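**Student:** Below is the structure I would like to discuss, written out as structure tokens.
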Amino acid sequence: MELLKLHHDFISYHKENGTPFIIFQGGRRSGKTISILQFLYLESLTHPCTRTLLVTDTYTRLKESIFQDLIMINRSAGGDSRRMRIHFSGGARVLFETGSDFAFVYAGRDVRGYASNFQYIFFNECIQYDARTVREVLKAAGPGCQVFFDYNPYTRFWVNDLYETADNKLITTYHDNPFLSDFVRRELDRTAAAGKDAAPGTLERYLYEVECRGIDSTLSGLCFPRHKAVPDEEYHTSPLMEVLACDWGALHATADPDVICGFRFTDDAIYCHEYYYSREGGDAEMAACLASIPFRRQYLVYDTATEGAGRVRSLFARTGLRFHFSPARKGAGSILTGIRNLQPYELRITASSRHFLEEMENYRFIQKNDTLQPVDDWNHCSDALRYAFDLWSMLPTQRKKC
């Protein structure tokens, strides 16, 4: 069985020195998971009755990634179903002919039923877990247990702060993985070529740093890193045209908020103000909010989800304000395109816009299906921002001055 030598030497060194926590941080397809599984597979065969606990975020990742990798490793080592058997009944597990076994647990699941006698614990894609989940799983560690973390970075991760020492972290790239298919290697080469010389703060540069180099990006993973709080007066006394935007949520008890934000645009900055943000309000409250805004025949762009047109009619009937109502343009790829278009601008958010500022500090990219995607959370004000910018960019110049 061919091993990833760089990774194997790194693991061997820390095994000999009894390092309790070993961290693999690296780019996409850099061989982090496969190298750890190779090591755990060999340990299970050469040391009878070894117990290993693997943590995954979803059953899908376990079935389509971990199990497939283990099958490939077993086959390449000349093994068969007698050497390693995968069982699904009574909970997923892997049994070896030596009496060793792999047990599995999903992030957030109660692990108190597991005995505290595991020699190895492996947190796969650990960036998906919070610190509480990790602490609970670590209670299942036996004496001398070694713990593996692997993840693709988007910012410096709390695992680094809690478990990283001077030399127990390996940062790898796809160049360290000899098992890559030509197709994947060409794809990553294209990503590297597009982002290597791209300007800092751009999505291309971010993808290059995270996916190809495997390092913490200068964007720190935030979708909108260029934002700051400004006094409310800068927004309310501005002569710039205002575009209002709504993002619906609370009408059908989605647990998402209803949001109304205002935006004013310059060539290099966007001024933002949060007028309304509530999970418990409704059309009457939003209508009152709109009626309190100084009316200058503003445009109001609205989300088409959750009966968007019906809600607009309700707001119009309650306020009588003759906004230029416009439905938001949405479609496949519109979120990433909107983020890309907005990144050159500095977002100047009023100091009183508490929820808006909080969302900007938490709306970030995550690894999903082998690509980086914005997290589907902390995005309500940014959705309103995308709708408003899209409308504003289409308006003729003379209307932008009204």
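The values are calculated or read from the model by the stated rules, or taken from the named source; none is laboratory data. Remember, predicted model here, so these are calculated numbers, not experimental data. Neighbour counts run over all protein chains shown; Cβ positions are idealised from the backbone, glycine included. Note: areas computed on protein heavy atoms with side chains; ligands, DNA, RNA excluded. Shrake-Rupley method; radii C 1.70, N 1.55, O 1.52, S 1.80 Å.
**Student:** Hey, among the residues in the stretch 58-77 that are in a helix (DSSP H, G or I) and over 18 Å from residue 124 (Cα atoms), which one's least open to solvent (accessible area, probe 1.4 Å)?
**Tutor:** 74
**Student:** Filter the stretch 159-171 down to residues that are outside any helix (DSSP H, G or I) and either of a type in the set (A, V, I, L, M, F, W, C) or at pLDDT 95 or above (or both), then give me how many there are. Don't jump to the end; show me each part of the working.
**Tutor:** We begin by selecting, within the stretch 159-171, every residue outside any helix (DSSP H, G or I); these are 164-171.
Add one more test, that the residue is either of a type in the set (A, V, I, L, M, F, W, C) or at pLDDT 95 or above (or both), and what stays is 166, 168-171.
The number of residues fulfilling the criteria is 5.
**Student:** Is the stretch 168-176 home to any residue that is closer than 29 Å to residue 11 by Cα and aliphatic (A, V, I, L, M)?
**Tutor:** Applying the first criterion (closer than 29 Å to residue 11 by Cα) to the stretch 168-176 yields 168-176.
From what is left, the residues that are aliphatic (A, V, I, L, M) are 170-171.
Checked against the condition, which is being closer than 29 Å to residue 11 by Cα and aliphatic (A, V, I, L, M), the stretch 168-176 yields at least one hit.
**Student:** Which residue pairs have Cβ atoms under 9 Å apart, sit 6 or more places apart or on different chains, and have a first residue in the stretch 148-163 that is over 18 Å from residue 120 (Cα atoms) and a second that is at pLDDT 85 or above and open to solvent by 10 Å² or more (accessible area, probe 1.4 Å)?
**Tutor:** If the second residue must be at pLDDT 85 or above and open to solvent by 10 Å² or more (accessible area, probe 1.4 Å), the pairs left are 152/28; 152/32; 152/125; 152/211; 153/171; 153/215; 160/169; 162/21.
**Student:** Suppose we keep only residues that are open to solvent by less than 10 Å² (accessible area, probe 1.4 Å) and not aliphatic (A, V, I, L, M) within the stretch 340-366. Which one would you say is nearest to residue 384 (Cα to Cα)?
**Tutor:** The first filter runs over the stretch 340-366 and keeps only residues open to solvent by less than 10 Å² (accessible area, probe 1.4 Å), leaving 342, 347, 349-350, 353, 356, 359-360, 363, 365.
Filter once more, keeping what is not aliphatic (A, V, I, L, M): 350, 353, 356, 359, 363, 365.
On the way: 350: 15, 353: 14, 356: 10, 359: 12, 363: 14, 365: 18 Å.
Among those that are open to solvent by less than 10 Å² (accessible area, probe 1.4 Å) and not aliphatic (A, V, I, L, M), it is 356.
**Student:** Among the residues of the stretch 351-373, which ones are in contact with a Cys (Cβ under 7 Å, 6 or more places away or on another chain) and either over 17 Å from residue 217 (Cβ atoms) or at pLDDT 85 or above (or both)?
**Tutor:** Across the stretch 351-373, the qualifying residues are 353, 355, 356, 359, 363.
**Student:** Residue 55 fails exactly one of the following numbered conditions: (1) buried (at least 24 other Cβ atoms within 10 Å of the Cβ); (2) at pLDDT below 95; (3) in a helix (DSSP H, G or I). What is the number of that condition?
**Tutor:** Single failed check for residue 55: (3).
**Student:** Name every residue in the stretch 132-151 that is closer than 24 Å to residue 65 by Cα, under 20 Å from the mean Cα position of the chain (by Cα) and either open to solvent by 10 Å² or more (accessible area, probe 1.4 Å) or among the hydroxyl-bearing types (Ser, Thr, Tyr) (or both), in order of residue number.
**Tutor:** 133, 151
**Student:** Another question, if that's okay. Suppose we filter 345, 302 for residues that are at negative phi and in contact with a Gly (Cβ under 6 Å, 6 or more places away or on another chain); which single one remains?
**Tutor:** Just one listed residue meets the conditions, 302.
**Student:** Additional query: Restricting to the stretch 263-296, and then to whatever is exposed (fewer than 12 other Cβ atoms within 10 Å of the Cβ) and out of contact with any Phe, Trp or Tyr (no Cβ under 7 Å at 6 or more places or on another chain), can you tell me which residue is farthest from residue 243 (Cα to Cα)?
**Tutor:** Of all residues in the stretch 263-296, those exposed (fewer than 12 other Cβ atoms within 10 Å of the Cβ) come to 267-268, 280, 284, 292, 294, 296.
The next check asks that each one be out of contact with any Phe, Trp or Tyr (no Cβ under 7 Å at 6 or more places or on another chain); those that pass are 267, 280, 284, 292, 294, 296.
Details: 267: 15, 280: 24, 284: 21, 292: 15, 294: 12, 296: 10 Å.
Within the stretch 263-296, the match that is farthest from residue 243 (Cα to Cα) is 280.
**Student:** Can you find a residue that is polar (S, T, N, Q) and in contact with a Phe, Trp or Tyr (Cβ under 8 Å, 6 or more places away or on another chain) anywhere in the stretch 67-88? Walk me through it before giving the result.
**Tutor:** Let us first name the residues in the stretch 67-88 that are polar (S, T, N, Q), namely 68, 74, 76, 81.
Narrowing the set further to residues that are in contact with a Phe, Trp or Tyr (Cβ under 8 Å, 6 or more places away or on another chain) leaves 74.
Yes: one or more hits.
**Student:** Collect the residues in the stretch 125-158 that are within 21 Å of residue 44 (Cβ to Cβ) and in a strand (DSSP E or B), keeping them in residue-number order.
**Tutor:** Of everything in the stretch 125-158, those that are within 21 Å of residue 44 (Cβ to Cβ) and in a strand (DSSP E or B) turn out to be 141, 142, 143, 144, 145, 146, 147, 148, 149, 150.
**Student:** Only residues that are part of a helix (DSSP H, G or I) and either surrounded by fewer than 23 Cβ atoms within 10 Å (Cβ to Cβ) or out of contact with any helix residue (DSSP H, G or I) (no Cβ under 8 Å at 6 or more places or on another chain) (or both): list them for the stretch 8-33, please.
**Tutor:** Passing the criteria: 8, 9, 10, 12, 13, 14, 15, 16, 33.
**Student:** Okay, next question. Given (1) closer than 29 Å to residue 375 by Cβ; (2) at pLDDT 85 or above; (3) part of a loop (DSSP other than H, G, I, E, B), identify the lone condition not met by residue 80.
**Tutor:** Only one criterion in (1) closer than 29 Å to residue 375 by Cβ; (2) at pLDDT 85 or above; (3) part of a loop (DSSP other than H, G, I, E, B) is unmet by residue 80, namely (1).
**Student:** Is there a residue in the stretch 22-36 that is at pLDDT 95 or above and farther than 25 Å from residue 191 by Cβ?
**Tutor:** yes
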